[in-house]
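Have a look at the structure below before the remarks.
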Amino acid sequence: MSLWRSAPLVGALLAVSALGVARTQPRLARIAHEVKEQDDVYALPPPAQLKTLTFGYDAAAVDLLWATLLVDYGTHWHEKRDLHPDPYLDALLTLEPTYVPVYRFADTLLCYRPMRGTEADARKARDILERGTRELPGDYLVWQEYGQFSAFLGPGFLADSEGEEKERWRHEGALAMARAAELGADDSMSLVAAGMLERSGERDATIKALRRSYAITDDAEQQAIILRKLARLEASAANEASERAKHIIESRWRRDWAFLTREEFLLLNPAPDPARCAGLATADDVGCARDWSDVVAAPSSR
């Protein structure tokens, strides 16, 4: 009977509790949401300590971190809030340096987050992608990501005053795209890289990229275009080499053998200084070469 007598009291207490929760929950939820919108709290320890705390379950921790990062990225886009993925990326690469998804999407996560990335974000993204080429040297997709970001996307985040650095990024990006083509990327990558290298004056690298593109393409029209470009570049290289050889020989003739006619001089081999060129230490010195072909072929001859 006492149980029945206390039932109304218990019911009243439950009703009051439910009313209290209903009245306070919306306000508390609003406060929690506002606090969360102000800034995110990364609750995990630094990467070095995190690796210790995984107790060897690195792969599971990497999957959990990556999933959390992607969910946060989508949530922040929806709520138009800034995202700071740096701690997650650092932790992921510490736990698993060869984790491919990081190298595929680092530039997107850092530079194209809800609030546009900064120059510092672009530099970090490029550093991560460059690291990917060292960790995964045979993965053409990693080289392709690094090359495309360095050549096209990354320079747009740099300050306008740093034109030389922009050109350096584009040049290194073109070389990376050429490497990606060598490893198996689409053959159009070679043509794009060749065009960029030619504009930057890298004729030898351009010729190499075009030869690679010619070898892997099956399109007859494309092959004809590549052959025309190669013929023009190789003719230019041959003319330059000829002019260079002429200049070297003329300067040697006028400096050392001016009392001979030019025809007489051409019958002679180079005459190195015996005292300077004695011994094996000077065997690779162009100034001690004893054949004109060695002199002309040297990178810098006088």
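Computed from the coordinates by the stated procedures, all read-outs in this text should not be read as laboratory data. Everything numeric in this text was worked out from a predicted model, so none of it was measured. Cβ coordinates were reconstructed from backbone atoms using ideal geometry, including for glycine residues, and neighbour counts include every protein chain displayed.
Table for the structure above
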item	result
Ranking of Tyr112, Tyr140 by count of other Cβ atoms within 10 Å, fewest first	Tyr112, Tyr140
Order of His76, His84 under a 10 Å beta carbon neighbour criterion, fewest first	His84, His76
Exposure proxy order (Cβ contacts within 10 Å, fewest to most) of Met177, Met196, Met115	Met115, Met196, Met177
Taking segment 59-160 and dividing mean pair separation by its residue count, relative contact order in percent (alpha carbons under 8 Å, at least six apart)	24
Label zone at Thr118 (point 7 Å along Cα-to-Cβ), backbone N below 19 Å, segment 72-89	81-89
Most to least packed among 64-74, 96-106 [average Cβ atoms within 10 Å]	96-106, 64-74
Quotient of C-alpha Rg and 2.2 N^0.38 Å, computed over segment 132-183	1.15
Calculated from backbone phi, Karplus (6.51, -1.76, 1.60) coupling profile of segment 217-228 in Hz, x at Gly/Pro	8, 9, 7, 4, 5, 5, 4, 5, 4, 5, 4, 5
